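A.B. asks: Have a look at this one before I ask anything.
The values are calculated or read from the model by the stated rules, or taken from the named source; none is laboratory data. Just so we're clear, the structure is a prediction, and the values are computed from it rather than from any experiment. As a convention, Cβ positions derive from the backbone with ideal geometry for all residues, glycine included, and neighbour counts pool all protein chains shown.
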Amino acid sequence: MTAYITHPEEARAVRATRDRIGKLLSRYPHVSDGDRREILTFMKEGRHLDIGLLTANDNLRPKLDAFMTDHERHFRIDAGTMFRVLAMLGAVVITCWLLWELLGPASL
C-alpha cells in the first residue's frame, strides 16, 4: 500500500482496518491468537498515521500499553538487522572518506 490514498474505497478500507484493530485492542487480553497476530501485523506494518491515531485514543491507551509490554520481543531489532545497518553506515563513511581523499583539497 502506498503512503498516499487516492481512492475513497482505499480510505474506507484503511479506516475499517484501524477500527477493527481498535475493537480488538479494547478487548485485550481476552482475544484469540489470531486476533493477537492481526494486532501485531497492524502494529508492525500499518501506516504510521493509523498507529498514531490508535495511540492517541485515551480509551485504548492502557490496553495498547499492556499489549506492547506483553509483546515487546516482537518489536525489538534483531542482531541481523543491526549488523546490516552498521555495515551500511560503515560503507557510507568509507565512501565519503574515499571521495574526500579523491576530490578534496590537495595537501602540500
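A.B. asks: Of all residues in region 17-48, which are surrounded by 14 or more Cβ atoms within 10 Å (Cβ to Cβ), β-branched (V, I, T) and part of a helix (DSSP H, G or I)?
C.D. replies: Once the filter is applied, which keeps residues that are surrounded by 14 or more Cβ atoms within 10 Å (Cβ to Cβ), β-branched (V, I, T) and part of a helix (DSSP H, G or I), region 17-48 yields T17, I21, I39.
A.B. asks: If you check V85 against the conditions, is it within 21 Å of the chain's Cα centre (by Cα) and free of Cβ contacts under 8 Å to residues at least 40 places away in the same chain? Please lay out each step first, then the result.
C.D. replies: Details: within 21 Å of the chain's Cα centre (by Cα): yes; free of Cβ contacts under 8 Å to residues at least 40 places away in the same chain: yes.
The answer is yes for V85.
Every residue, every condition in (1) closer than 23 Å to R36 by Cβ; (2) out of contact with any Pro (no Cβ under 9 Å at 6 or more places or on another chain); (3) not charged (D, E, K, R); (4) not assigned by TED's automatic domain parsing to the domain that holds R37, yes or no:
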{"position": "R61", "(1), (2), (3), (4)": "yes, yes, no, no"}
{"position": "D65", "(1), (2), (3), (4)": "yes, yes, no, no"}
{"position": "M68", "(1), (2), (3), (4)": "yes, yes, yes, no"}
{"position": "H71", "(1), (2), (3), (4)": "yes, yes, yes, no"}
{"position": "L86", "(1), (2), (3), (4)": "no, yes, yes, yes"}
{"position": "A91", "(1), (2), (3), (4)": "no, yes, yes, yes"}
{"position": "I94", "(1), (2), (3), (4)": "no, yes, yes, yes"}
{"position": "E101", "(1), (2), (3), (4)": "no, yes, no, yes"}
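A.B. asks: While we're looking at this one, here's another question. Could you please let me know if L99 is modelled with pLDDT under 95 and over 30 Å from E10 (Cβ atoms)?
C.D. replies: yes
A.B. asks: If you check I77 against the conditions, is it modelled with pLDDT under 90 and either assigned to a helix (DSSP H, G or I) or under 18 Å from the mean Cα position of the chain (by Cα) (or both)? Let's see the steps before the verdict.
C.D. replies: Values: modelled with pLDDT under 90: yes; either assigned to a helix (DSSP H, G or I) or under 18 Å from the mean Cα position of the chain (by Cα) (or both): yes.
Considered against the rule, which asks whether it is modelled with pLDDT under 90 and either assigned to a helix (DSSP H, G or I) or under 18 Å from the mean Cα position of the chain (by Cα) (or both), I77 comes out as yes.
A.B. asks: Same structure, new question: Taking the condition of being modelled with pLDDT of 90 or more and either more than 14 Å from K63 (Cβ to Cβ) or of a type in the set (A, V, I, L, M, F, W, C) (or both), how many residues in region 20-47 meet it?
C.D. replies: 15
A.B. asks: While we're here: Look through region 71-108, keep the residues that are within 29 Å of Y28 (Cβ to Cβ) and basic (K, R), and return whichever of them is surrounded by the fewest Cβ atoms within 10 Å (Cβ to Cβ).
C.D. replies: Ranking the qualifying residues of region 71-108, first place goes to R73.
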